[in-house]
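*Asks:* The structure that follows is given in the form of structure tokens.
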Amino acid sequence: MAVRLAIAFACALAAASPALAASVDVRAGRLINPETGKVSADQRIRIVDGKIAAITPWSAADGPATVDWSGLTVLPGLIDLHTHIADGAASSADPAEPFKHSEAATILKAVPAARIMLRAGFTTVRDVGVYRGLTDVALRDAINSGDIVGPRMFVAGGYITTPGGGGEIDALAPDMPVPETFRVGVVHNPAEARDKARYLLDHGANFIKLIATGAVLALGSEPGALELSPEEMKAACDEAVLRGSYCIAHAHGAEGIKAAIRAGARTIEHASFLDAEGIELAKKNGVWLDMDIYNGDWIEEIGTKQGWPAEYLRKNRETTDIQRRGFAAAVKAGAKLTFGTDAAVYPYGLGGRQFAYMVRYGMTPMQAIQASTTEAAKALRMEGEVGSLHPGAWGDIVAVRADPLTDIRALEHVEAVIKGGELVP
């Protein structure tokens, strides 16, 4: 019934004048508010001009529902802080895959990926780097202009990385030059790190992504090894702050995690070899840990079947279990944790599977939801604007059939999505 009404609503919006389409009333059977931790029954969510105007108990006297989700559980739109939508393709057995598509083809491949992510309930994402520089800026801008359908995107523009490091593709013969569009963030010293950070921000990036340590899915790069120097990371972070932005850091190794925190990173991505000192340092500095604890299982199963490089599989096995133990320790210690999945390692749209892993390794269902809404919004500097039901926030809401506080896997099957007051078809 809810789906039929949702479809009817979409058709009505298409035919309506802008004035009629400006106000939407959603009837929510159960409403989960992550900001308060409360659940309310039979609520009216009024969205005006794309923003939440009010949430009140349902009363027929206040008018009919534009969207009837009375049989569903509703919560704010979800946020994934670690995606790679703009690369436009999931990981494959071929490390040279990104070289085999033109810039236009890469962006076009990202168009269906963006829709899939949005339809899976992720109304906001932080796309944390592309191999071909600035394609993510183009994708974000196309979504913002309404040319294509996708989540609200915050993008890095590229990677700040050492030559041959985890942010480069080392899949060509040594005598074959890598095109410069794939090396927009390669640096040799602190001065270059500052200059490249400035370049990326000047060309539309929202934040700076540091490759502090080696990577799992990169040839010749060891996850535990420090790659960028502390001085290079600090130079990039200082430049980002000067321009009103911030850095995040891909950091698997324990020393790389701590070096990135000291350099000024706002969030630490992966954090596979996180130790007790790293947890305390993150807490002391107000840094969020963004740990992708689902996709190790996908890499092991599918990567093995598809013949991914043996180096990838070895490094995945070396990081998966220890990362999950670190996640559990961070939860127990009260560290700040967000929701980030590394979407593109696995097919787009499956990110909801990570919620069950977060609960398995120590979070309550409400904490897992908060990691993907209120905590993620704070890390984005978008609190009260996304991942929120507060009046004035964007009208981004999702509906699921079961109760995720009872069965967190309900979030793997999003029934319907509204972004900015518009139903996503």
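The values are calculated or read from the model by the stated rules, or taken from the named source; none is laboratory data. Since this is a predicted model, take the numbers as computed values, not measurements. FYI the Cβ positions are ideal-geometry reconstructions off the backbone, even for glycines, and counts take in every protein chain you see. Side chains included, ligands, DNA and RNA excluded: accessible areas come from the protein's heavy atoms. Shrake-Rupley method; radii C 1.70, N 1.55, O 1.52, S 1.80 Å.
*Asks:* Tell me the residue from ALA120, ALA93, ALA104, ALA89 that is at pLDDT 95 or above and of a type in the set (Gly, Ala, Ser), please.
*Replies:* Sole residue among the options that is at pLDDT 95 or above and of a type in the set (Gly, Ala, Ser): ALA120.
*Asks:* List the residue pairs whose Cβ atoms are under 9 Å apart, where the first residue sits in region 192-208 and is in contact (Cβ under 8 Å) with a residue 60 or more places away in the chain, the second is open to solvent by 60 Å² or more (accessible area, probe 1.4 Å), and the two are 6 or more positions apart or on different chains.
*Replies:* Sorted first by the residue in region 192-208, then by its partner, the pairs are GLY204/ASP141; ALA205/TYR199.
For (1) in contact with a Cys (Cβ under 9 Å, 6 or more places away or on another chain); (2) closer than 26 Å to LEU217 by Cβ; (3) open to solvent by 40 Å² or more (accessible area, probe 1.4 Å), each residue gets a yes or a no:
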{"residue": "ARG324", "(1), (2), (3)": "no, yes, no"}
{"residue": "LYS332", "(1), (2), (3)": "no, no, yes"}
{"residue": "ALA368", "(1), (2), (3)": "no, yes, no"}
{"residue": "THR373", "(1), (2), (3)": "no, no, no"}
{"residue": "VAL400", "(1), (2), (3)": "no, no, no"}
{"residue": "ASP403", "(1), (2), (3)": "no, no, no"}
{"residue": "LEU411", "(1), (2), (3)": "no, yes, no"}
{"residue": "GLY420", "(1), (2), (3)": "no, no, no"}
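*Asks:* Starting from region 42-62, keep only residues that are open to solvent by 50 Å² or more (accessible area, probe 1.4 Å), then list their pairs with residues that are at pLDDT below 95 and not basic (Lys, Arg) whose Cβ atoms are within a distance under 6 Å, requiring at least 6 positions of separation or different chains.
*Replies:* VAL48/SER23; ASP49/ALA22
*Asks:* Would you mind stating whether ARG360 is surrounded by fewer than 17 Cβ atoms within 10 Å (Cβ to Cβ), more than 20 Å from the chain's Cα centre (by Cα) and modelled with pLDDT of 95 or more?
*Replies:* Yes; evaluated as a whole, the condition is true for this residue.
*Asks:* Criterion first (open to solvent by 30 Å² or more (accessible area, probe 1.4 Å), of a type outside the set (Ser, Thr, Tyr) and modelled with pLDDT under 95) does PRO425 satisfy it?
*Replies:* Against the criterion (open to solvent by 30 Å² or more (accessible area, probe 1.4 Å), of a type outside the set (Ser, Thr, Tyr) and modelled with pLDDT under 95), PRO425 qualifies.
*Asks:* Here is a further query. Considering region 155-168 alone, what residues qualify as being open to solvent by 20 Å² or more (accessible area, probe 1.4 Å) and either at positive phi or at pLDDT below 80 (or both)?
*Replies:* Passing the criteria: only GLY164.
*Asks:* When region 139-154 is examined, which residues are found to be buried (at least 21 other Cβ atoms within 10 Å of the Cβ) and assigned to a loop (DSSP other than H, G, I, E, B)?
*Replies:* GLY150, PRO151
*Asks:* Follow-up question, since we're still on this one. Search region 249-267 for residues that are over 9 Å from MET233 (Cβ atoms) and outside any loop (DSSP other than H, G, I, E, B) and pair each with any residue that is open to solvent by 10 Å² or more (accessible area, probe 1.4 Å) and among the hydroxyl-bearing types (Ser, Thr, Tyr) when their beta-carbon atoms are under 8 Å apart and the residues are at least 6 apart or on different chains.
*Replies:* Pairs found: HIS250/TYR159.
*Asks:* In this structure, is ILE107 under 30 Å from ARG27 (Cα atoms), touching a residue at least 24 places away in the same chain (Cβ under 8 Å), hydrophobic (A, V, I, L, M, F, W, C) and open to solvent by 40 Å² or more (accessible area, probe 1.4 Å)?
*Replies:* Answer is no for this residue.
*Asks:* Restricting attention to region 226-246, and to residues there that are touching an Asp or Glu at 6+ places or on another chain (Cβ under 9 Å) and not in a helix (DSSP H, G or I), which single residue is least open to solvent (accessible area, probe 1.4 Å)?
*Replies:* SER245
*Asks:* Scan region 10-25 and tell me whether some residue there is of a type outside the set (Asp, Glu), buried (at least 20 other Cβ atoms within 10 Å of the Cβ) and at pLDDT 95 or above.
*Replies:* So far as region 10-25 goes, yes, one or more of its residues are of a type outside the set (Asp, Glu), buried (at least 20 other Cβ atoms within 10 Å of the Cβ) and at pLDDT 95 or above.
Each row is one residue, and each column tells you yes or no for (1) in contact (Cβ under 8 Å) with a residue 24 or more places away in the chain; (2) part of a helix (DSSP H, G or I); (3) within 30 Å of VAL111 (Cα to Cα).
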{"residue": "ALA329", "(1), (2), (3)": "yes, yes, no"}
{"residue": "TYR346", "(1), (2), (3)": "yes, no, yes"}
{"residue": "GLY349", "(1), (2), (3)": "yes, no, yes"}
{"residue": "MET358", "(1), (2), (3)": "yes, yes, yes"}
{"residue": "GLN367", "(1), (2), (3)": "yes, yes, no"}
{"residue": "GLN370", "(1), (2), (3)": "yes, yes, yes"}
{"residue": "ALA402", "(1), (2), (3)": "yes, no, yes"}
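*Asks:* How about region 107-138: which of its residues are part of a helix (DSSP H, G or I), aliphatic (A, V, I, L, M) and touching a helix residue (DSSP H, G or I) at 6+ places or on another chain (Cβ under 7 Å)?
*Replies:* ILE107, ALA110, ALA113, ALA114, MET117, ALA138
*Asks:* With the condition kept exactly as written, say whether any residue in region 304-321 is part of a loop (DSSP other than H, G, I, E, B) and touching a helix residue (DSSP H, G or I) at 6+ places or on another chain (Cβ under 6 Å).
*Replies:* Taking every residue of region 304-321 in turn, none turns out to be part of a loop (DSSP other than H, G, I, E, B) and touching a helix residue (DSSP H, G or I) at 6+ places or on another chain (Cβ under 6 Å).
*Asks:* State all residues of region 71-118 that are among the β-branched types (Val, Ile, Thr) and more than 20 Å from the chain's Cα centre (by Cα); if no residue qualifies, say none.
*Replies:* Matches in region 71-118: THR73, VAL74.
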